[in-house]
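Have a look at the structure below, then the notes.
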């Protein structure tokens, strides 16, 4: 990534009918399927938009169809421009 510092951002996705369908299944199997679906979906988005080994995905957030990722400001701008992305927000540390 050169000398650009990375920061933690939260990325929230646009409406996804498959996510909504999987979210309705409250069973253990349904939760596992939702987690696997979101992790794969988020990983694919990052792999498509950003260079390998230039970011660090922290986790997927099933309750909101989003994920946290350590990226540069420039990479955050790339994520913001993706049609699948609703919002990219920098983590705000509370003192």
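Read-outs throughout are calculated quantities, based only on the coordinates presented, and are distinct from any laboratory measurement. Because the structure is predicted, anything quoted here is derived from the model rather than measured. Every residue, glycine as well, gets a Cβ built from its backbone with ideal geometry; the counts of neighbours run over all protein chains shown.
Out of the residues in the range 27-47 that are over 18 Å from residue 87 (Cα atoms) and in contact (Cβ under 8 Å) with a residue 12 or more places away in the chain, which is surrounded by the most Cβ atoms within 10 Å (Cβ to Cβ)?
Among residues in the range 27-47 that are over 18 Å from residue 87 (Cα atoms) and in contact (Cβ under 8 Å) with a residue 12 or more places away in the chain, the one surrounded by the most Cβ atoms within 10 Å (Cβ to Cβ) is 34.
Within the range 23-38, does at least one residue satisfy the condition of being under 23 Å from residue 6 (Cα atoms) and out of contact with any strand residue (DSSP E or B) (no Cβ under 6 Å at 6 or more places or on another chain)?
No - not one qualifying residue is present in the range 23-38.
Going residue by residue through the range 7-22, is there one that turns out to be exposed (fewer than 15 other Cβ atoms within 10 Å of the Cβ), out of contact with any strand residue (DSSP E or B) (no Cβ under 6 Å at 6 or more places or on another chain) and more than 21 Å from residue 86 (Cα to Cα)?
Checked the range 7-22: no residue is exposed (fewer than 15 other Cβ atoms within 10 Å of the Cβ), out of contact with any strand residue (DSSP E or B) (no Cβ under 6 Å at 6 or more places or on another chain) and more than 21 Å from residue 86 (Cα to Cα).
What number of residues in the range 48-74 are surrounded by 12 or more Cβ atoms within 10 Å (Cβ to Cβ), free of Cβ contacts under 8 Å to residues at least 40 places away in the same chain and either outside any strand (DSSP E or B) or in contact with a helix residue (DSSP H, G or I) (Cβ under 8 Å, 6 or more places away or on another chain) (or both)?
5
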